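Asks: What follows is a single structure, and I will ask about it in a moment.
Where a number appears in this text, it was derived from the coordinates with a stated rule and is not lab data. Please read all numbers here as calculations on a predicted model, not as lab measurements. Here the Cβ positions follow ideal geometry from the backbone for every residue, glycine too, while neighbour counts run over all protein chains shown.
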Amino acid sequence: MQLRKLTSRRDFLRLSVLGAASAAVVAACAPAAPPTPTAAPKAAEPTKPAAEAKPTEAPKPAATTAAAAKPTEVAKPTPAAKPAGAAQQITLRLHARAGVEDEMFGNLLPKFEAANPGVKVVQEVFPGGDYPQKLQTLAAGGTIGDVLQSFTNSSMFQQFFVSGILAPIDDYIKRDKVDLSQWYKYSMDACLVDGKTGGLPFKSHPSRVGLFYNVDLFEKAGLKVPDLEWSYDTLTETAVKIHKPPDVYAFSHPWHDIAFYPIMSRMYGGDFFTKDGKSTEVDKAESQQGWIWHYDMMNKHKVTLNPLQTAPTPQDMFVSGKLAMFRANVGTKAAFIKLDKFKWSMTLAPKGPKGNRGSLAETDVESTTKASKYPDQAWELLKVLTSKEAGIGLAQQTGNRSSTPGGRPDVYNSPEHLNLPYPPGVQQVSLKAMNEAEEWRGPNNFRGLEVQRLADELSDLMLLDKEKPTKEYFARVKSEIQAIMDKPRP
C-alpha cells in the first residue's frame, strides 16, 4: 500500500496557483465595464435571401483578426434570428475539463450550432488538475475564451469574478426575464459575488453524503444493510462486526478535500465556516465531534481503510468487493453502474443528534468572460449549457465521466434522471439528498485553496494519530486557519 505525501510539489502548485497568479490576472484582465446587452431583435420582414458569403477563417485564440465583426454587427444568434446580409461566421471558444463533460457537449453543441447559423463553438479542454492554472495563464496573456466552467468550493469562481475575468450577467437576466427559480436556490446563491451574478449553475450536487455499500458482504455477515435511519453509533457498531481484514474492510471516506472538512464539522450540528465566511467554527464542541468520530474509527476501533491509501485507493477496494461501506460524492455512483461482481446500493450518511447528515450543496458555475468579443452570442450559449436538456445530458453520461446533473429541480425530478439504470432506490435517494442539502459556506476572502492546504496538513496529523483530537489540537487548527481567513482578498 502507498500513502500520499502530505504536501507534494504538484499539490502545492495546483492548490496555490489561484492566489499566486492573481496579481498578474488583475493587471492583464481588468477590462472596461462589460458590454450592455443589445436589445433582442424584432422579427424582420420577409426578404429575398442575399447570396451566401463564405465564412472567414475562425480567429486563433491568441490573436484578434482585423476582420472580426463587432458583436452589434452580427445578428443575434437565436433560432428566430437570421443573419443580416452576409454576416461572417462567429467562433465561440468554450473552456472545459478534458473527458469530464465531453459526452454531453458532444450531443448538445451541434444542436446549438444548428439553431444559431453563423455561430461555431470550439472546445478548448485541459486536464482537470491543470484546468484552473491553464485558464489563469490564458487570462494573464489576454487570450481567454468566451465561456468557461469554474468551481465555487475551491473559490476559483469567486476569484475569477473579482479579478475581472468573468462578466456580470444581471443585465442579461433582466432583459430576457430569466426565471431564476429554474435552479435550486442555494445553487443560484452560489453564483452571487458581492451582490452581482457571475454565471448560472452548470451542475450541482449534495457532495460527499452518499453511503455506498456492498449488499453481498452484509448478507454474508448476516447484518442489516445501511438505511436512512442509521445513526453514527449504528455505523460504528456495524463496522466493528463486519471488519475482517484482509478479506473485508469496513469503511472509508474522502480526505484532502475542502468539502469534507465542513462535512465533518456538520455531522454533529456544527460547521467549519461561519455564515459570513469571516471565521472558522472548528473551536466549537459540536464542530469537533465529527472530527473525533473519524479519529476513533481509524485509531480506536481500527475499522477505517486509510483514505490516504493510493495503491489501491478506497474506491478501488470498493470496486474489488473488499470494502463494505464507502462514503463519497453521490455522483461517484457512475463509476459503479456496470459493477456485476456483487450487488451494491447507496443510501445517505447517518443523521447526527441534531439531524445533520453532513452534507453541503456544491455548484459548478458556467460563465461568460469580459474578454469575449461576442457577449450576446456567449450569453445564448450560456443559457443552453445551463438548460434542462444539458442538465439531463450530464446525468446520463457514462464511463469515467462525471454524472453530476445540472443544478435544477426539473432535472433531478425528471423521469430521465430517476429512471437511470442504477440499483433500485439509488436515484430517489440522490433526489432526497439534493432536496435536503445544506448550503455551501466558504471563506469570505476567497482563500479556500490556502485553507484546504493547511487543513490537509493539520487533519493528517490527527488521522495518522500523530496528534490527538484534544482541546490544544483544535485550538491550533482554529488559530492557523483563522490567520488565513483574516487576510485580505488576493
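Asks: I need the P(r) histogram for region 162-320: all alpha carbon pairs, bin width 5 Å from 0 out to the longest distance, whole percents.
Replies: Result returned by the calculation: 2, 7, 13, 15, 15, 12, 10, 9, 7, 5, 3, 1, 0.
Asks: Hey, which of these cross-link pairs are over 31 Å Cα-Cα: 224/432; 244/275; 185/338; 203/471?
Replies: Beyond 31 Å: 244/275; 185/338; 203/471.
Asks: Which net charge results for the neighbourhood of residue 330, defined as the other residues with beta-carbon distances under 11 angstrom from its beta-carbon, given Lys and Arg at +1 and Asp and Glu at -1?
Replies: Within the 11 Å Cβ shell, the charges total +3.
Asks: Ratio of region 224-304's C-alpha Rg to 2.2 N^0.38 Å, to two decimals?
Replies: For region 224-304, the normalised Cα radius of gyration is 1.22.
Asks: A further question follows. Apply the Karplus curve 6.51 cos²θ - 1.76 cosθ + 1.60, θ = phi - 60°, to the phi angles in region 176-183 and return the couplings in whole Hz, x for Gly and Pro.
Replies: Each residue's phi maps through the Karplus curve to give 8, 6, 5, 7, 6, 6, 5, 10 Hz.
Asks: Would you mind pulling out the separation of the Cα centroids of region 217-244 and region 406-480, in Å?
Replies: Between the Cα centre of region 217-244 and that of region 406-480, the gap is 23 Å.
Asks: Going Cα to Cα from residue 284, which aspartates and glutamates come in below 17 Å? Please leave out same-chain ones fewer than 8 positions away.
Replies: Within the straight-line cut-off, residue 284 pairs with 271, 276, 472, 480.
Asks: Let me check I have the definition right: for region 152-232, take the eigenvalues of the Cα gyration tensor, multiply each by 5, take square roots. What are those semi-axes in whole Å, largest first?
Replies: After diagonalising the Cα gyration tensor, the semi-axes are 42, 15, 9 Å.
Asks: Report, in listed order, any pair from 241/478; 177/370; 241/351 with a Cα-Cα distance greater than 25 Å.
Replies: Listed pairs above 25 Å: 241/478.
Asks: I've got another one for you. Let me see the pair-distance distribution of region 299-349: every alpha carbon pair, 5 Å bin width, integer percents in order.
Replies: 4, 17, 30, 27, 16, 5, 1, 0
Asks: With equal scatterers on the alpha carbons only and no solvent term, can you work out the Debye log10 of I(q)/I(0) for region 131-181 at 0.21, 0.30, 0.31, 0.32 1/Å?
Replies: So the normalised log intensities work out to -0.82, -1.19, -1.23, -1.26.
Asks: Report the percentage of all Cα-Cα pairs in region 369-447 whose separation exceeds 13 Å, rounded to a whole percent.
Replies: For region 369-447, the share of Cα pairs beyond 13 Å comes to 74 percent.
Asks: Pop out the Kirkwood hydrodynamic radius of region 321-360 from its pairwise C-alpha distances, inverse of mean 1/r, in Å to one decimal.
Replies: Computed over region 321-360, the radius equals 12.0 Å.
Asks: Take each of the peptides 166-175, 305-314, average the number of other beta-carbon atoms within 10 Å over its residues, and list them starting from the highest.
Replies: 166-175, 305-314
Asks: Please compute the net charge surrounding residue 265, taking Lys and Arg as +1 and Asp and Glu as -1 over other residues with Cβ under 9 Å from its Cβ.
Replies: -1
Asks: Of the listed peptides 343-352, 436-445, 146-155, what is their order by residue-averaged count of other C-beta atoms within 10 Å, with the highest listed first?
Replies: Answer by packing, highest mean first, reads 146-155, 343-352, 436-445.
Asks: For region 82-209, what is the Kirkwood estimate of the hydrodynamic radius, computed as the reciprocal of the mean inverse distance between distinct Cα atoms, to one decimal in Å?
Replies: 16.4 Å
Asks: What's the local net charge at residue 177, with K and R +1, D and E -1, over the other residues with C-beta under 14 Å away?
Replies: Within the 14 Å Cβ shell, the charges total -1.
Asks: Bin by bin, in steps of 10 Å, what percent of the Cα pairs in region 278-431 do you find, going until the bin that has the longest distance?
Replies: For region 278-431, the binned pair fractions read 8, 28, 30, 23, 9, 1 percent.
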